[in-house]
Amino acid sequence: MAKNHIDEVKHEIQELAIGNYKSYPEEYEKTPDEVNRSIESLAKGYWDSREDKEIARDERLGISLENYQEWTREAYTTFIAENAQSLN
């Protein structure tokens, strides 16, 4: 994830999250509270697994854990909307 702009980092996180939602749908078919916990856990996992260069980049760009959480929630909303359309 050697991205240099916030939008690039956001896109990368959202792509990773959507891939996770597709790979583990059972984790995201629970109660809203359980889904929120899973999404926050996923974002925290991305945050905690960053390499040193990604940490430096995020600090330079002012990116926080809250951004990662917001972006994974947005990706979930997109994922649900896309799947709802494909079922219709």
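Quick one: if you stick a label point 7 Å off each Cα along the C-beta vector at K44 and E59, how many nm between them?
2.3
Among the trypsin sites (Lys or Arg not before Pro) within region 13-88, which fall in a DSSP loop and have no more than 16 other Cβ atoms within 10 Å of their own Cβ? List each step's numbers first, then the result.
Details: sites: K22, K30, R37, K44, R50, K53, R57, R60, R73; in loops: K30, R50.
Filter output for region 13-88: K30, R50.
Please state the relative contact order of the chain as a whole percent: Cα pairs under 8 Å, 6+ residues apart? Present the calculation step by step, with values, prior to reporting the outcome.
Values: 57 pairs, mean separation 36.6, N = 88.
Answer for the chain is 42 percent.
Mind grabbing the base-10 log of I(q)/I(0) for region 1-41 at q = 0.18 Å⁻¹? Debye formula, identical points on the C-alpha positions, no solvent, two decimal places.
-0.57
With +1 assigned to the C-beta of every Lys and Arg and -1 to the C-beta of every Asp and Glu, and no other charges, what is the dipole magnitude of the chain about the Cα centre in debye, to the nearest 20? It would help to have the intermediate numbers written out before the result.
Values: 11 positive and 20 negative charges, 21 e Å.
My answer is approximately 100 debye.
Between T77 and D7, how many nm apart are label points set 7 Å from Cα along the C-beta direction?
1.8
Under 11 Å from the 7 Å Cα→Cβ point of E51, by amide nitrogen: which residues of region 1-41?
Counting only backbone N, you get 1-3.
For the chain, take the longest principal axis of its alpha carbons; what is the angle in degrees between that and the long axis of helix 65-87, to the nearest 10 within 0 to 90?
30
Mind pulling up the Rg/Rh value for region 19-88? Radius of gyration and Kirkwood radius, both on Cα.
Numbers: Rg = 13.8 Å, Rh = 13.2 Å.
That ratio is 1.05, to two decimals.
Between A56, A43, A17, find the one with the highest GNM mean-square fluctuation for the chain; connect C-alpha pairs within less than 10 Å.
Judging by the Gaussian network model, the answer is A56.
Rule-based calculations on the coordinates, nothing more; no lab input. In this text the structure is predicted, and so the values were computed from the model without any measurement. Positions of Cβ are backbone-derived with ideal geometry, glycine not excepted, and every protein chain shown enters the neighbour counts.
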